[in-house]
Structures are given as structure tokens and as C-alpha cells.
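The structure appears below as C-alpha cells.
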Amino acid sequence: MNASQAQLLRWVLVETSHPGNVGSAARALKTMGFSDLHLISPKIAGVAQTSEAIALASGAVDVLESSQETSSLGSAVQGCSLVLGLTSRDREFGPPALNWQAARPLVQAAIAANQQVALLFGPERTGLDNHHLSLCTHRVWLDANPLYPSLNLAQAIMVCAFTLRESLGEDLGLVALGNNTETVGYADPAAVAAMLEHWREGLEAIGYLDPTNPKKLMPRLQALFARTRLHKEEIDLLRGIAKQMLLKK
């Protein structure tokens, strides 16, 4: 794995509660050669500067210092063609689900094509919720003891970082593929979410969606679009349809 590959991997911690977990996560990332850490609405503002985070980071204080804290998950995944939400909880709707072993080749292929990848880790107590997963291209779980699948946040990050370091160091012919194949212009999840909001407005405008009784129409559409991995030009096409629906209002 080289430095340019590592920079294409974005590690996103969502609503983290404990400063020690942020510090431990930074240490795990630096140990495996990664550094792009994003902190989304941590329970303690400025968590990367707290004494507990710094102590648990040990020699990885530079990863804490360069971390980005924001309240917007959408901005953190913007520009990412592949966004993996790490959670073991099953969901009725949401993005396609796969285990970590199946997800790793997707990461390798994206990195080989010079595309940005984000890995999302949710709050320690509850994990990622449905809103967080709506901005993911896939829901991913780590295979563990089914009787006790609980992993500490930093442990989960270390497992992912270690195995990705292994995968990106392997010569699987993916780099050559990425260099010689036109980069697929997948839409990032933030663009898909904005398109879905546009469609919600359009469907209400033509009377197909009752805002007082929406049932499960929008979650079903969200799951449908998540399975298809829309391209950028397809987002433009779908937003054009939504625009026409709104003109009927």
C-alpha cells in the first residue's frame, strides 16, 4: 500500500461518545498507514483536543490534529463513489448488505480507479441509524461470534484498517485495470439523497405521495436506487423527471 492509496480512504466516526475511542481510533489508523479521519457531531465538541483522546492516541496525535470535525455527514461523504456503513444490525430497507470479505474487493477496485472511499462507524451504543445508512452505498458487517458479535469501535477500525492494508498491498491486477479502464462516474450518496428529496417533492406535487400517510414509499425507492448504484448522468436524468413533476403542481 502506498501513501496515495491511503489518502483515498476516508474514515468517518459518527456521533462518537467517548474521547478515548477517538484517540484509540487515531492510533489504529496511523499504525496501519491511514490518516484521513472525519468526526461527525461527536458528543463532545472538539473531542480530538481532549486530554483523554490525546492520551489514548499515544504517538498518533498528528492524526487527531489533522482530523476534520463537522455536523454534516453529507459533506463528509461528498465525492465518495463507495461509502460503506459498518453495522451488524439487520434492516428492512437501506443499501445492499454484504460482509467485510465481500466488501474488500469493492474497495480495492475503487482505489485502483482512483476513486474516494469512505468507511462509516456509528455511535458506540446504538450504531448507525437509518438516516446514516441512507448516505451509504452498502451496509457491511464484520463476521464475528454470533453469540457475542460486539466489537469496540477502535477494534472494528483496526480490523478494517489491517485487512485493507493487506488487500491494497496485494498484486491482484486491479491497479492496471484502474489505470487502463475509464473511471466509472458513480454518483456520491449525498447527490442520491438530494435527488430522492427532489423526487419526494415531485411525487407529492402529482398526488402520488400523500405526505400525511407516506407509508414506506420513500424508503422503498431509496433501497431501489441504492441497489442500482446510479451514475452522475442518471442523477441528472432523474432530477429532470422530478422537475417536470413539480411543473404539474
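Tabulated values for the structure
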{"read-out": "Interatomic Cα distance distribution for the stretch 1-79, bins of 10 angstrom, percent", "value": "21, 54, 23, 2"}
{"read-out": "Cβ-based charge dipole, the stretch 30-105, positive-most Cα from Q101, G74, G59", "value": "Q101"}
{"read-out": "The stretch 1-70 versus the stretch 206-249: alpha-carbon centroid distance in Å", "value": "36 Å"}
{"read-out": "Inter-label distance for I241 and A3, nm, one decimal - labels placed 7 Å from Cα along Cα-to-Cβ", "value": "4.6 nm"}
{"read-out": "Shape category assigned to the stretch 1-141 from the gyration tensor of Cα positions, a/c cut at 1.5", "value": "oblate"}
{"read-out": "Charge dipole (the chain, unit charges on Cβ, about Cα centre) - positive-most of L221, A187, H131", "value": "L221"}
{"read-out": "Contact order relative to length of the stretch 1-122, as percent, for alpha carbon pairs under 8 angstrom and 6 or more apart", "value": "33 percent"}
{"read-out": "Accessible-area composition of the stretch 21-133, carbon plus sulfur, in percent [1.4 Å probe]", "value": "47 percent"}
{"read-out": "Listed peptides 222-235, 78-91, 203-216 by packing density, highest first (mean Cβ within 10 Å)", "value": "78-91, 222-235, 203-216"}
{"read-out": "Ratio of Rg to Rh over the chain (Cα coordinates, Kirkwood Rh, two decimals)", "value": "1.00"}
{"read-out": "Peptide ranges 21-27, 126-132, 8-14 listed from the most packed, as the mean C-beta count within 10 angstrom indicates", "value": "21-27, 8-14, 126-132"}
{"read-out": "Computed E for E92/R227 - FRET, C-beta separation, R0 22 angstrom, nearest 0.05", "value": "0.95"}
{"read-out": "Contact order normalised by residue count of the chain, Cα under 8 Å, 6+ apart, percent", "value": "23 percent"}
{"read-out": "For the chain, size of Cβ-based charge dipole, Lys and Arg +1, Asp and Glu -1, in debye", "value": "620 debye"}
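The values are calculated or read from the model by the stated rules, or taken from the named source; none is laboratory data. Fair warning: this is a prediction, and the values are worked out from it, not measured in the lab. Positions of Cβ are generated from backbone atoms using ideal geometry, with glycine treated the same way; all protein chains shown enter the neighbour counts. Remember, those area values only see protein heavy atoms, side chains included, never the ligands or the DNA or RNA. Shrake-Rupley method; radii C 1.70, N 1.55, O 1.52, S 1.80 Å.
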